[in-house]
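Structure, as structure tokens:
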Amino acid sequence: MIVKSRYKVVVIGGGVIGTAVAFYLAKNGVSDVVVLEKDYLSSGSTGRC
């Protein structure tokens with residue numbers, strides 16, 4: 001992956017919602033998107049309280 005200093009969209013969190021947002025943005029033609037996650041995408045629990 002090439003890391004840039006600027007993106008049109010930055011999604012913070014690579015859980016279910018974050019990855020879905022990135023997917024639908026890409027599906028609708030937004031190509032300059034990055035997802036920030038501290039570990040692996042979808043590696044955490046969605047229902048954590």
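Where a number appears in this text, it was derived from the coordinates with a stated rule and is not lab data. What you see is a predicted model; the values in this text were computed from it and never measured. In this analysis, Cβ positions are derived from the backbone assuming ideal geometry, glycine residues included, and neighbour counts consider all displayed protein chains.
Relative protection proxy for 2-13, 20-31, from highest mean packing down: 20-31, 2-13 (other beta-carbon atoms within 10 angstrom). So how tilted is helix 16-27 from the main axis of the chain? Cα-based, degrees 0 to 90, rounded to 10. Compared with the principal axis, the helix lies near 20 degrees.
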